[in-house]
Every structure is written in C-alpha cells, then in structure tokens.
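The values are calculated or read from the model by the stated rules, or taken from the named source; none is laboratory data. Fair warning: this is a prediction, and the values are worked out from it, not measured in the lab. Glycine also receives a Cβ, built like all others from the backbone with ideal geometry; neighbour counts cover every protein chain displayed.
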Amino acid sequence: MSRALRVLSAIAIAATIAAGWVLPAQAAGLDAVVVDARLSSDGVLTVKQTITLSSSSGVDTVSEQIPSSMERDGNRYSYDISDITLTADDAPGTATVETGKSTTNVSFSVGDATTFLLTYTVRGSTTTAVDGRTDFTWVVLGGLNIDASEISGSVTVPPGAVNYDCLSGVAGALVTCSTYTAGIHASTSMDFTVNSLPAGQVVQAEVIFPPQIVTVTEKMAPVWTLGRALTPGGAQVGLMALVVVVGGLVLYAAWRKVHKVTYKGEPITVASFSTENGNVLFNTDPEIRPGMVGTLVDSSVDPADIVSTILDLAVRGHLLITELPTPRYATSDWSFTRLKNDEDELKPYELELLDALTTSEVTVSGLSASIATAISKVQDALYQEVLSAGWFSRLPSKRSPMVIMGWIGVALAAAVTAILMAFTTYALVGLGLVAVAIVGLAVSYQAHPVTEKGAAVYAGLGELSNELHTHTGSEIESSERYTEISQILPYAVVLGGWDQWLEAMVAADEDEAADSTDLSWYHAPDDWHMSDFPASLDSLITVVTGRLFTRT
C-alpha cells in the first residue's frame with residue numbers, strides 16, 4: 001500500500017472515531033401526541049390519544065398515569081375509568097392496566113408499531129363549583145414515562161360553556177398551554193398545543209358551565225385535615241358559643257348549689273364578743289373547737305387546723321409550750337409539756353394529738369419523727385368529729401360522687417370531640433364541650449357535703465370572722481387582755497385577724513420587765529419580752545407546719 005493511501009485510511013478511521021464521540025445518540029421520545037376529548041351532556045368524558053413515534057425512536061414501553069382520584073379544595077374526587085382500549089397501527093393492541101389509589105397506570109409495549117390509539121371513558125370529571133356552576137376539569141394527557149415532542153388536540157364540550165382554560169407543566173405548578181383557542185364562531189371545542197411535554201408532566205383542560213347544562217357526575221368525599229375539622233365558620237362558632245354559654249350558666253347554678261348549702265335561718269354562734277360592765281369578753285362554745293371550725297371552712301383538715309388545735313390545747317391548760325434558748329442564727333425550737341386539767345374534757349382528735357405531742361420529751365425539731373405517723377389518725381378523728389357534730393352528710397375526706405361524674409363528663413366530651421373532629425367540620429363545638437366539662441370537673445371538687453346544720457355554723461363563722469377583724473384589744477379590760485386574747489388566737493389562725501391580735505397582745509404589756517412566764521401557756525427564755533411574741537408565734541407556726549406534714 002502506498003504511503004498516500006495509508007494516510008487517507010488513518011484520517012478516515014480518526015474521523016469515524018471522532019464522530020462517535022461528538023455526535024450523541026438520539027434521545028428516546030414520542031414524536032407527537034394528538035388528543036381528542038369529548039364531554040357529553042350527561043357528564044361522561046371520552047378521551048382518544050393518538051401517539052406517534054418513529055421506528056428508530058428506541059422506545060420499548062409507553063406508560064401513562066390517568067387520575068383515579070384528585071384532592072381539591074379540601075375534598076377527594078374519585079373517577080371511574082373504564083373502556084380502556086388500544087390499537088397499534090390500526091390493529092388491536094394489548095394494554096396493561098394497574099389501578100392504584102390515586103392513578104390508573106396504563107402501559108403497552110411498542111414493538112414494531114409506530115402509531116397507537118389509546119381510548120378510555122371517564123365518569124366523575126364534572127363537579128359542582130362553589131358558586132353553583134358546573135366545573136369540568138380533566139388531565140387529558142399526563143404522567144407519560146418519556147418526553148413528547150409535540151402535543152396538540154381538542155376538547156369538545158356541550159354548548160353553553162362560559163369559560164375555557166388549558167394548562168400544562170408539573171402538577172401543582174401548572175402554566176398556560178403554548179396556545180389554545182375556544183368559543184370562536186360558536187364553536188364548542190377548545191383547540192390547544194404544547195410545544196413539548198417532559199416525562200411526568202401533564203396537560204389539563206378546564207371548562208365552566210352554568211348550572212344544569214352538563215350533568216354533575218362527581219364522587220366526592222371530604223379529606224380530613226385539622227384545619228377543616230376546626231373550620232371557624234359562622235355556624236360552628238355560633239354553636240360553640242351557645243354550648244359554652246348554656247353550659248356556663250348550668251355550671252354556675254350547680255356551683256351555687258354545691259359550694260355551700262344555702263341557709264336562711266338563724267346562724268349558730270361558734271364564739272362571740274360580749275360586753276359586761278363596759279368590758280369586752282370573748283366567749284366560746286365548748287362543743288365547737290378551732291380545729292373543727294377550720295375543717296368546716298374548706299371541708300379539709302389542713303396544717304392550720306392542727307396548729308390552731310395545738311394553740312387551743314395550750315390556752316385551755318392541757319399543754320405548755322416552751323420556747324427554748326438557741327444560739328444566735330440557729331433555728332428556734334420549742335418543747336411541749338403535758339398539763340393536767342380534769343375540768344376541761346378533750347375530744348377524741350384532741351386526745352390523739354395531745355398523746356402524739358407529749359408521749360415522750362418532744363421538741364418541735366423532733367416532731368417529724370414522733371408525729372408524722374400519728375398525723376393521719378388525728379386527721380381521721382377530726383373528720384369523724386365534724387361528721388358526728390352533724391355538719392356533714394358524709395366524711396368530707398371521701399371523694400364526692402360528683403367528681404366521678406365530672407371525670408365521666410370530661411371523657412364523654414373528649415369522645416364527642418374526637419368524633420366531630422374525625423367526621424365533621426364542627427370540632428370547635430367539641431372543644432367548647434371539653435371546656436365546659438373541665439370546668440364542671442372543677443366544680444365537682446367544690447361539692448362539699450355540708451348539711452343545713454353545718455351551713456348554720458358556717459353562717460356563724462362569717463359573723464365571728466367579721467368580729468375578729470373589727471374588735472380591738474383596747475376594748476378588753478387591761479387585766480384580762482392576756483387571757484382573752486389568748487382564747488382568740490386559735491380562732492384567728494383559721495378565720496383571720498392573726499396579726500391584729502398578736503399586736504394586741506404586745507400592746508397589753510405595760511411594763512419594761514421581761515415577760516418570759518407572763519402567759520400561762522407559753523414560756524420563753526429569761527430575756528424574752530412580749531414584743532417578741534409575734535415573731536415567736538409566727539416562727540412556731542411555720543416550723544410546726546413543716547414538721548407536722550413532713551414525710552420521712
């Protein structure tokens with residue numbers, strides 16, 4: 001071979017290789033798709049799609065996703081897809097149909113054919129719009145698995161349409177088709193073109209009709225969302241307001257009835273101030289003790305009731321409270337000494353408490369160990385005492401049946417709300433019911449089993465509380481102030497006026513001498529003055545309260 005021939009051969013081979021690198025293979029795709037969609041007056045849509053591709057397209061399979069359902073405006077619209085047929089080059093073809101929740105997938109093998117006609121029928125594409133008109137919306141071509149170069153077609157509808165639109169692109173972000181015309185020269189067709197349609201994108205036709213032009217074939221079911229369930233419409237808000245107002249009035253009436261028994265008779269006097277020869281005296285009922293009074297006030301035995309009982313036992317001569325000397329900055333401490341007083345009978349709960357305080361040499365700092373195990377017995381005995389006195393119809397420590405009813409009401413309201421939220425747009429009404437039920441539960445905890453006698457005593461407590469706040473120590477004979485004010489203090493613990501009567505005790509001290517033993521029931525270190533009394537008693541109550549209800 002000559003040298004020139006060898007050079008020419010090398011150049012040809014190089015050119016062939018270069019062409020293989022430079023010229024890419026033609027991408028697989030459809031040459032054209034022509035759509036012919038026809039909507040009848042009975043709302044049935046027939047779609048014909050003519051799909052053309054070249055023999056060298058390289059396409060093996062074509063598939064399209066036809067909508068089976070669509071969510072729009074908070075509703076799910078379902079479609080019946082039927083009569084799916086396929087021809088390939090005018091010969092019957094075979095299409096594979098797979099129906100899913102939201103799409104019906106139709107696919108077919110290309111083989112040697114170049115023209116395919118896919119036909120199907122749709123029921124459910126005509127729906128009722130918000131303004132009462134009829135809306136026709138359908139994806140006339142969509143969800144292809146490969147690109148399509150040229151899309152064209154027409155959508156023929158019954159006469160009377162008032163608006164046409166053609167959209168294409170990615171579902172949820174559609175834009176206007178490349179071109180479309182409709183309603184020209186009394187035509188009832190909308191003609192459209194789309195320059196190209198990438199795989200997965202859609203072409204959607206929309207037409208609006210006045211009512212009764214086209215039969216509505218929609219199969220609609222609401223789609224649950226929290227926003228839909230809580231729709232703040234006029235009916236929902238109005239009904240919720242009605243539930244809250246009516247429920248509130250009923251609960252208010254129930255609260256007035258159960259909070260305390262209404263008593264219109266003569267109050268039972270618990271204790272009172274009287275005047276003899278110009279001097280004010282404090283008189284008590286030996287059957288009604290401060291601890292019982294405090295229990296009646298809130299239907300509960302709390303620390304204040306126990307503290308008032310301790311002070312009352314001391315004032316009545318059963319107990320001596322001694323404030324112990326303590327180093328500077330140290331926590332104050334006290335001791336309890338039992339005294340003999342056969343003239344004053346003790347109630348069971350008082351005896352239980354006195355035994356716990358004085359069984360051995362006890363200081364306040366040691367109360368948590370000696371009395372914590374006995375405090376529940378004292379509480380039970382005090383509850384039994386007010387029950388025996390006829391103030392309550394049942395032990396106030398027992399839960400009221402209304403509480404159980406309150407919890408049942410909350411559960412039922414929650415169940416109704418769940419149903420309303422799951423199946424309707426009236427969940428706001430359910431929330432109103434829940435709010436009323438919760439308030440009702442709170443009211444049920446206020447249902448005290450107070451009898452008419454208890455209510456009469458309670459009315460007497462109101463009068464006594466008023467007197468404790470209006471009388472002053474200066475009204476009492478100076479020689480009797482220590483004694484009279486001492487009797488007042490246990491009641492002031494549970495009914496108010498505590499600070500006022502502590503200051504009255506201080507004012508009763510008319511000398512400069514130390515007052516460590518001036519009170520028969522409270523002793524203190526040698527340098528203690530009555531001016532220290534408020535701080536000493538406040539500290540005693542604070543420390544005793546903490547110790548009594550500390551669990552170890």
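Looking at the range 446-469, can you tell me whether even one residue there is among the hydroxyl-bearing types (Ser, Thr, Tyr), under 20 Å from the mean Cα position of the chain (by Cα) and in a helix (DSSP H, G or I)? No, there is no match, as no residue in the range 446-469 is among the hydroxyl-bearing types (Ser, Thr, Tyr), under 20 Å from the mean Cα position of the chain (by Cα) and in a helix (DSSP H, G or I). When the range 424-443 is filtered for residues that are more than 15 Å from GLY248 (Cβ to Cβ) and without any contact (Cβ under 8 Å) to a residue 60 or more places away in the chain, only GLY430 remains. The set of residues in the range 511-537 being in a helix (DSSP H, G or I) and touching a helix residue (DSSP H, G or I) at 6+ places or on another chain (Cβ under 8 Å) consists of MET530, SER531, PHE533, PRO534, LEU537. Checking each residue of the range 452-459 against the condition of being in the same structural domain as ASP333 (by TED's automatic domain parsing), more than 30 Å from VAL410 (Cα to Cα) and crowded, with 22+ Cβ neighbours inside 10 Å gives at least one match.
Among the residues of the range 332-362, those that are crowded, with 18+ Cβ neighbours inside 10 Å and β-branched (Val, Ile, Thr) comprise THR358, VAL362. Scanning the range 114-132 for residues that are among the hydrophobic types (A, V, I, L, M, F, W, C), under 20 Å from GLY43 (Cα atoms) and at pLDDT 90 or above yields one hit, VAL122. Is it the case that the range 338-353 has a residue that's under 39 Å from the mean Cα position of the chain (by Cα), among the aromatic types (Phe, Trp, Tyr) and in the same structural domain as ASP312 (by TED's automatic domain parsing)? Scanning the range 338-353, I find no residue that is under 39 Å from the mean Cα position of the chain (by Cα), among the aromatic types (Phe, Trp, Tyr) and in the same structural domain as ASP312 (by TED's automatic domain parsing), so the answer is no. LEU45 meets the stated requirement of being within 29 Å of THR188 (Cα to Cα) and either touching a helix residue (DSSP H, G or I) at 6+ places or on another chain (Cβ under 7 Å) or crowded, with 19+ Cβ neighbours inside 10 Å (or both). Can you tell me which residue is farthest from ASN145 (Cα to Cα) among those in the range 48-69 that are free of Cβ contacts under 8 Å to residues at least 60 places away in the same chain and buried (at least 16 other Cβ atoms within 10 Å of the Cβ)? In this case the residue turns out to be SER69. Scanning the range 346-362 for residues that are under 18 Å from SER308 (Cα atoms) and touching a residue at least 24 places away in the same chain (Cβ under 8 Å) yields LEU346, LYS347, PRO348, TYR349, GLU350, GLU352, LEU353, LEU354, LEU357, THR358. From the list VAL106, VAL162, VAL122, the lone residue that is free of Cβ contacts under 8 Å to residues at least 60 places away in the same chain and in contact with an Asp or Glu (Cβ under 9 Å, 6 or more places away or on another chain) is VAL106. Taking the numbered list (1) in the same structural domain as LEU118 (by TED's automatic domain parsing); (2) at pLDDT below 90; (3) over 30 Å from ALA229 (Cα atoms) in turn, PRO24 passes all entries but (1).
Among the residues of the range 480-497, at least one is of a type in the set (Asp, Glu), farther than 20 Å from SER332 by Cβ and either modelled with pLDDT of 90 or more or within 46 Å of the chain's Cα centre (by Cα) (or both).
Just so you know, in the range 148-182 the residues that are within 18 Å of VAL44 (Cα to Cα) and of a type in the set (S, T, N, Q) include one that is surrounded by the most Cβ atoms within 10 Å (Cβ to Cβ), and it is SER154. Inspect all residues belonging to the range 243-258 and state whether any of them is surrounded by 14 or more Cβ atoms within 10 Å (Cβ to Cβ), over 30 Å from GLY406 (Cβ atoms) and under 23 Å from the mean Cα position of the chain (by Cα). No, the range 243-258 contains no residue that is surrounded by 14 or more Cβ atoms within 10 Å (Cβ to Cβ), over 30 Å from GLY406 (Cβ atoms) and under 23 Å from the mean Cα position of the chain (by Cα).
Checking each residue in the range 202-213 for being part of a loop (DSSP other than H, G, I, E, B) and surrounded by fewer than 17 Cβ atoms within 10 Å (Cβ to Cβ) picks out PRO210, PRO211, GLN212.
Which residues, taken from the range 318-343, are in a loop (DSSP other than H, G, I, E, B) and within 25 Å of LEU296 (Cα to Cα)? Residue satisfying the conditions is HIS318 alone. In the range 496-535, what residues are crowded, with 18+ Cβ neighbours inside 10 Å and in contact (Cβ under 8 Å) with a residue 60 or more places away in the chain? Once the filter is applied, which keeps residues that are crowded, with 18+ Cβ neighbours inside 10 Å and in contact (Cβ under 8 Å) with a residue 60 or more places away in the chain, the range 496-535 yields TRP521, TYR522, HIS523, ALA524, TRP528.
Inspection of the range 84-102 finds no residue satisfying the criterion of being closer than 22 Å to MET190 by Cβ and modelled with pLDDT of 95 or more. Taking the stated definitions as given, is ASP312 within 22 Å of ILE375 (Cα to Cα) and surrounded by 21 or more Cβ atoms within 10 Å (Cβ to Cβ)? Here the answer is yes, as ASP312 does meet what is asked.
In the range 214-228, the residue that is modelled with the lowest pLDDT out of those that are more than 15 Å from ARG76 (Cα to Cα) and in a helix (DSSP H, G or I) is GLY227.
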